[in-house]
Amino acid sequence: MTRPRPAYELDEDPPAPVPAVLALGSNLGDRGEMLRSAVRALTTYEGVRVRALSPVVETRAVGGPEQGDYLNAVALVTTSLSPLGLLAVCQQVQSELHRSRTVRWGPRTLDIDIITFDDVVVSSRDLELPHPRAAGRAFVLLPWSRVDPEATLVTDQGAERIATLLA
């Protein structure tokens, strides 16, 4: 039996805290310290609780110009914020840590993406959930599978185990 999808707006706080998956990446500067700093910063925001953090993996850059390898991790969080509220926190953390990215899909000091938010499936100008390219990105799937081997990605096509997508 399939669980019904949540029915609330992107700017509406959920009725109770919900799970979300965040992907973090860095390929400029002290990449490891940048990821650690981002996780520490996320924990300072009311309405965001980091439940688990994946091991860090090193991956090649996908798309964009020639660039160095990334360090990537996935954070499992619980949030009482709306999807757009969580997005604002991710963007604020990037700003606080002086995110630098000069070329679209180019090298960057920090990237934080919302991969999933509860089982919300929605596409808007500001946010698409789940992340539209998550199912095909090993740099998201590999760390996610290591922190939650039973995880599934719910899309408008149904649910797929992360381990299956990774294979």
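The values are calculated or read from the model by the stated rules, or taken from the named source; none is laboratory data. Bear in mind that the values here come from a model prediction, so they are computed numbers and not experimental data. FYI the Cβ positions are ideal-geometry reconstructions off the backbone, even for glycines, and counts take in every protein chain you see. Side chains included, ligands, DNA and RNA excluded: accessible areas come from the protein's heavy atoms. Shrake-Rupley method; radii C 1.70, N 1.55, O 1.52, S 1.80 Å.
State all residues of the range 71-85 that are out of contact with any Phe, Trp or Tyr (no Cβ under 6 Å at 6 or more places or on another chain) and closer than 25 Å to residue 29 by Cβ; if no residue qualifies, say none. Even if it seems obvious, please write down each step before you answer.
Step one: filter the range 71-85 for residues out of contact with any Phe, Trp or Tyr (no Cβ under 6 Å at 6 or more places or on another chain), giving 71, 73, 75-82, 84-85.
Answer for the range 71-85, where residues must be out of contact with any Phe, Trp or Tyr (no Cβ under 6 Å at 6 or more places or on another chain) and closer than 25 Å to residue 29 by Cβ: 71, 73, 75, 77.
In the range 23-48, how many residues are within 14 Å of the chain's Cα centre (by Cα) and not hydrophobic (A, V, I, L, M, F, W, C)? Talk me through it step by step, then tell me what you get.
Keep residues of the range 23-48 that are within 14 Å of the chain's Cα centre (by Cα), which gives 23-26, 35, 38-39, 42, 48.
Now drop any that are not not hydrophobic (A, V, I, L, M, F, W, C), which leaves 25-26.
Matching residues across the range 23-48 total 2.
Just checking, how many residues over the range 112-164 are within 21 Å of residue 50 (Cα to Cα) and without any contact (Cβ under 8 Å) to a residue 24 or more places away in the chain?
Number of matching residues: 5.
When residues of the range 65-108 are filtered for being touching a helix residue (DSSP H, G or I) at 6+ places or on another chain (Cβ under 8 Å) and of a type in the set (Gly, Ala, Ser), how many remain?
The total comes to 2.
Spot the failing condition for residue 117; the list is (1) more than 21 Å from residue 153 (Cα to Cα); (2) touching a helix residue (DSSP H, G or I) at 6+ places or on another chain (Cβ under 7 Å), and only one is missed.
Residue 117 satisfies all of (1) more than 21 Å from residue 153 (Cα to Cα); (2) touching a helix residue (DSSP H, G or I) at 6+ places or on another chain (Cβ under 7 Å) except (1).
Any idea which residue in the range 1-23 is modelled with the lowest pLDDT, counting only those that are part of a loop (DSSP other than H, G, I, E, B), hydrophobic (A, V, I, L, M, F, W, C) and open to solvent by less than 80 Å² (accessible area, probe 1.4 Å)? Steps first, please.
The first filter runs over the range 1-23 and keeps only residues part of a loop (DSSP other than H, G, I, E, B), leaving 1-17.
Of the ones still in play, those that are also hydrophobic (A, V, I, L, M, F, W, C) are 1, 7, 10, 16.
If we keep only those that are open to solvent by less than 80 Å² (accessible area, probe 1.4 Å) as well, we get 10, 16.
Numbers: 10: 88, 16: 94.
Selected residue: 10.
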